[in-house]
Structures are given as structure tokens and as C-alpha cells.
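Values in this text are rule-based calculations from the coordinates and carry no lab data. What you are looking at is a predicted structure, and each value in this text was computed from that prediction instead of being measured. When we count neighbours, we look across all protein chains shown, and the Cβ atoms used for this are built from the backbone with ideal geometry, even at glycine.
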Amino acid sequence: MAGKYVLGYSAETVSEPILWKLTKDYDIRVNILRAEISPGQEGNLLVELDAESEAKLNAALQWLETIGVTWVNVAKRLSWDEDRCIDCGGCSGVCFSGAITLDRSNWKLVVDRDKCIACGGCVKACPMGCFTLDFGE
Ligand code: SF4
Ligand code: SF4
């Protein structure tokens, strides 16, 4: 099973080989999608974590917590206010991950949070303010 996560690094943990340990010790396949980290500073890393089982993924996430790396599941952090949406399609044109599409059978917007890579494009593109990305606790 796979999921996209934003990992939050503190200044203390930013230089540790965390992704290597995830692969070697926890048998997790790691795909880095976006990085905002400077050596010696706090930062965020958007990664896809792929594990053979939910148990293995949970063990890895628990280990991250013990070393002070926070994580949030991206799919759970993208909010879409469907009631405000006027189905103009403006957001679907900027979503390159395929998370937002227009259903051509009824011209209604379809949002698949599991495909979101948290680029923020839809948040800026929507004239109605329908999308928010929240990476807080
Ligand atoms: S944040 Fe980016 S990837 Fe996610 S739904 Fe919006 S445009 Fe698509
Ligand atoms: S840009 Fe906003 S209003 Fe237009 S389809 Fe997307 S969510 Fe709906």
C-alpha cells in the first residue's frame, strides 16, 4: 500500500539519513516528490511511501515519530468545499497529478485526494476559494 506524506524535519534531524533507514530497516519504497529543506534548518519533504502491508507502513510512521519527524497524510489535508464549487474547471487545468478532473458526462468536478501531490495549484487557481491545504497538526 502507498500513500503520500509530508514529513516535517527539525534542525536536529534534517541531516540524518532517514529515508535510507526507511528503505533498509523498514522495507519502505520512498519516492521524493518535493523537498523544501536546507542543511541545518527545518524543512518539509513530500514523499510517497510504499509498503507491502499497512503494518509495515505504520511501523515506519511510528519510528519517524520517535525520532521527531512529523508526518501528515496529504490525502487527508486537501479540503474541497464542494458546495461553493461552480464547476468552472479552472482548477482541473492546473492539476497535473490527475487529482482533479471534470466528468464530461455531467460537467461536474471530481476530486481524488489520493492522487494529490500538494502542489497548491488548485488553491491559487480557484476563484471561489474552494480548496485549502492544511499541514498543521
Ligand atoms: S494541490 Fe496540486 S495536486 Fe493536489 S489537487 Fe490541488 S492542483 Fe492537484
Ligand atoms: S476552480 Fe473552484 S469553482 Fe472552479 S471547478 Fe475548481 S473548485 Fe470549482
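Worth pointing out:
- If you look at the Cα atoms of the stretch 1-90, you get an Rg and a Dmax of 15.3, 48 Å.
- Translational diffusion of the stretch 77-133, µm² s⁻¹ [Kirkwood Rh, Cα pairs; Stokes-Einstein; 25 °C; 0.890 mPa s]: 221 µm²/s
- For the stretch 77-133, a simple Cβ point-charge model (Lys and Arg +1, Asp and Glu -1, everything else neutral) yields a dipole of about 160 debye relative to the Cα centre.
- Shape of the stretch 41-91, Cα gyration tensor, a/c cut at 1.5: prolate
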